[in-house]
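Working notes, beginning with the structure itself.
Just so it is clear, none of the values below were taken in a lab; they were calculated from the coordinates. This structure is a prediction, so every number in the text was calculated from the model and none was measured. Ideal geometry is used to build each Cβ from the backbone, glycine not excepted, and the neighbour counts take in all protein chains shown.
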Amino acid sequence: MLAPLTLDPAARPAPAFLGGGPKKLLIDGEWVPARSGATLPTIDPTTEQTLTSFAAGDAADVDLAVAAARRAFEDPSWSAITPYRRSRVLLQIADVLEANAEELATLESLDMGGPIGLTRWFVDHSVEVIRHYAGWPTKVYGQTAPSDPSQLHYTLRQPLGVVGAITAWNGPLLQVAWKLGPALATGNTLVIKPADQSPLTALRFGELLAGTDLPHGVVNIVTGMGRTAGEALINHADVDKISFTGSTAVGKHILEASTGNLKRVTLELGGKSPNIVFADADLRTAAATAALGFCAGAGQGCVAGTRIFVEESVREEFAELLREEMAAYTLGDPFHPDTRMGPLASRGHFERVTSYFDVAREDGATLRIGGEVDAGAGLFVPPTLIDDVTNDMRVSQEEIFGPVAAIMSFTDEAEAVRLGNDTVYGLSAGVWTRDLSRAHRVSAALRAGTVWVNTYGRMTAGILPFGGFKQSGIGREHGTEVLDAYTETKTVMVQL
Ligand code: NAD
C-alpha cells in the first residue's frame, strides 16, 4: 500500500468548538452534563488521538429529554404556530447551517475521517434537505370525503408526538437533517441520539439552533452509547416513533423493542448492493462510477455498490478499467488537497473490515487489487477488489462497510437479475446498458429501493423517496412517503 498523504499536525485545523471541556447534552434548551457525570472520548480516526469528550447520557438523561420534548410538543409555542411560521423556522435552521458550513465540514472530517470535499457535500446537502422540508408545512393536506349530505367527513394530518432519532457515524449531520426536516415540518418534537463515534456535528448543530426561533425543548440531543442512551430511547413509553439509521442487527432489535407501546418505526439499514454492467455499456464511465460507488467515503456508505456483476464477454476489459480508476483513490489526511479516501472511522471498524481479507482467502477467493494494509499506517484501507468469488461466499453476502468490492460475471440478463437479487438486502442497485428496454426491464426486476441506470449513488435533497426492500429497512425517508411516516391521519365525521 502506498503511504497515506499526511499533513503537518500543526497545520491541521483545530476548531474552537473542540475546546472548553466535555460537550454536554441539549435538554430543554439548556446544555447540561449527563446526570451520572460520565463522559466518553471522541477520536480522530486520522491520528487516533482524542479530539474532545462528550457526555455519556443514559436512561436518566433520556427521561429528561423525552419529558422536555413532550412538554414542547404540547406547548402552543410549537403546536399552535402557523404553517408559515413553521416554514420560517426551518428556513432559519438551514440558514444557520449554511452560515457555519465550513466549520461543520471541518468537524465532520476530524470526527469521522471523510475527505473535506465529501464532508462539505454532506453539509451542503443537509442545508438543501432542510430547505426542502421548509416547503412542506404549508402543503400537507387532509381530504374531504364524499358523505351523506347531512354529514361532513374529512381527514386531518397530525404529528405523531415525540420522535427518537438515532443515527450512524458515516454521515452524521446529514442523517440528522434527514430526520429533523420532516419531523419538524409536520410538527413533531425530537430527541436525537447521535452515533457515539462521531457526535460533534450534531452537538454543534444543537448550539446553532440557539440562533433560530425554534422553541426550547423541540430539539433535544442526548449523546451516549447505543446500549445505554439508545436502549433507553427505543424502550421509552413516551416516545411515539423511532427513526433509525444503522445496522440491520440493531434495526431488528428496535423493531422488537417498539412493541412495548407500539412505536412507529422507520428503519434505514444496511446493504450489499449489486452494480450490473452489460457489455453494451459505456465501460469507461461504468468503471469510474463503480469505483466511486464503493470507494467514496472509504466504502462506509449504506448504498455502496460492493457486488459488481460484469457480462462475461467484457469482464477482463472492465476489470482493467476498474483497476485504473481504483488507483486514483489516493489515501490520506482528509484535509490534504490530494486525498480521495480518508481512514476508516474507528479502530474497531478497521479490524472488522480488514478481517474480511482472510475470510476471502479462506473461502477460496483472490484479492486481485489492494487487500493489504501496512502495520502502523493508521486506519487506512486501500481500494480492494476481490476476484474468483461466488455470490454465496461471505464476502458477497455480508456488508463489509469498507472500500472492498467483489467482481463476478454473468452470461445473460436473467442471470444478472437473479444474482443481483440473491441477497438478504435490497437498498440499491446499478444497471449499465445502452439498451433502453433492458434498462427498464432490469430496473423493474431488481428488488431494491433505488435503482440507478448509467449512474450510481446520486441522491436528491428530499425529493425522491429513499429506503430499502427486504432487510435493508422499513419505510422511506424523503419523497411524499416520509410525510406519512411522521403523521397520523385522523378521520372526523360531523353531523350537520
Ligand atoms: P449501528 O447499528 O451499530 O449504530 C447506529 C446507531 O444505533 C448508533 O447511534 C448507535 O449508538 C445506536 N445503537 C446501537 N445499539 C443500539 C441499541 N441497542 N439501541 C438503540 N440504539 C443503538 O450502526 P453503525 O455501525 O453505526 O452504522 C453502520 C450501519 O448503518 C451500516 O449497516 C450501514 O449500512 C447503515 N446505514 C444505513 C443507511 C441507510 O440510509 N439505509 C445510511 C447510513 C448507514
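Structure above, values below:
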{"item": "Leading residue by the ranking (farthest from ALA183 (Cα to Cα)) among those in the stretch 237-257 that are away from the ligand (no atom under 11 Å from the Cβ) and more than 21 Å from the chain's Cα centre (by Cα)", "result": "ALA237"}
{"item": "Evaluation of ALA290 against (1) crowded, with 24+ Cβ neighbours inside 10 Å; (2) within 19 Å of the chain's Cα centre (by Cα) (one fails), failing number", "result": "(2)"}
{"item": "Unmet requirement for GLY171, which otherwise passes all of (1) away from the ligand (no atom under 12 Å from the Cβ); (2) out of contact with any Ser or Thr (no Cβ under 6 Å at 6 or more places or on another chain); (3) small (Gly, Ala, Ser)", "result": "(1)"}
{"item": "Residues of the stretch 215-236 classified as under 21 Å from LYS23 (Cα atoms), more than 16 Å from the ligand (Cβ to nearest atom) and surrounded by fewer than 24 Cβ atoms within 10 Å (Cβ to Cβ), total", "result": "1"}
{"item": "Subset of the stretch 315-357 that is touching a Lys or Arg at 6+ places or on another chain (Cβ under 7 Å) and in a loop (DSSP other than H, G, I, E, B) - its residue that is surrounded by the fewest Cβ atoms within 10 Å (Cβ to Cβ)", "result": "ALA328"}
{"item": "Odd one out for SER273 among (1) touching an Asp or Glu at 6+ places or on another chain (Cβ under 7 Å); (2) closer than 22 Å to GLU413 by Cα; (3) within 14 Å of the ligand (Cβ to nearest atom)", "result": "(1)"}
{"item": "Residue within the stretch 309-327 that is within 16 Å of the ligand (Cβ to nearest atom) and on the phi < 0 side of the Ramachandran plot present", "result": "no"}
{"item": "Listing of helices (runs of 4 or more DSSP H) fully contained in the stretch 411-496 that carry 1 or more residues being β-branched (Val, Ile, Thr) and away from the ligand (no atom under 13 Å from the Cβ)", "result": "413-421, 436-445"}
{"item": "From the options LEU64, LEU51, residue that is closer than 30 Å to GLU128 by Cβ, touching a strand residue (DSSP E or B) at 6+ places or on another chain (Cβ under 9 Å) and surrounded by 14 or more Cβ atoms within 10 Å (Cβ to Cβ)", "result": "LEU51"}
